[in-house]
1. Taking each pair of distinct Cα atoms in the stretch 29-70 once, what is the resulting Kirkwood hydrodynamic radius in Å?
2. Along the Cα→Cβ direction, 7 angstrom out, place labels at Arg54 and Gln5. What is the inter-label distance in nm?
3. How big is the dipole moment of the chain about its Cα centre under a simple scheme where the beta carbon of each Lys and Arg is +1, that of each Asp and Glu is -1, and everything else is neutral? Debye, nearest 20, please.
4. At a 10 angstrom cut-off on C-beta neighbours, averaged per residue, how do the peptides 35-42, 62-69 rank from highest to lowest?
5. Divide by every residue of the chain the summed helix terms, -39500 (n - 2.57) for each DSSP H run of at least 4, and state the resulting mean residue ellipticity at 222 nm, rounded to the nearest 500 deg cm²/dmol.
6. Would you list the P(r) distribution for the chain, with all Cα-Cα distances sorted into 5 Å bins from 0 and each bin expressed as a whole %?
7. Tell me the relative contact order for the chain as a rounded percent, counting alpha carbon contacts under 8 Å between residues six or more apart.
8. As I understand it, the dipole of the chain uses +1 on the Cβ of Lys and Arg and -1 on the Cβ of Asp and Glu, about the Cα centre. Which of Ile38, Ala49, Leu17 lies farthest toward its positive end?
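Values quoted throughout were computed directly from the atomic coordinates according to the rules given, and no laboratory measurement underlies them. All of these numbers come straight from a predicted model, not from anything done at the bench. No Cβ is skipped: glycine too gets one built from the backbone with ideal geometry, and neighbour counts run over all protein chains shown.
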Amino acid sequence: MLSIQPVIVLAADAQRLQTIYNRAMGRGVRLSLYIDDIFETGYNAANSATVKTRQPDDMPIAGLPLRDEK
């Protein structure tokens, strides 16, 4: 499936990803969260459960898809 939205992919280290996550949450930006743990589970329900076991400052963030108005 093709995305109709423009997509920008950036790279960042773990600390920068945490900073981006904190700022996005503080501003109410819509986001998805990918942490390292979800790549070990194999299915969506386990992915969600894995994220719920972590505290916001203790998440090994692997990716942050963000979507918001300009």
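1. Answer for the stretch 29-70: a Kirkwood hydrodynamic radius of 11.0 Å.
2. If labels sit at Arg54 and Gln5, their model points lie 2.1 nm apart.
3. It works out to roughly 340 debye.
4. 35-42, 62-69
5. -10000 deg cm²/dmol
6. 3, 14, 25, 24, 19, 13, 3
7. Normalised by residue count, the contact order of the chain is 41 percent.
8. Value: Leu17.
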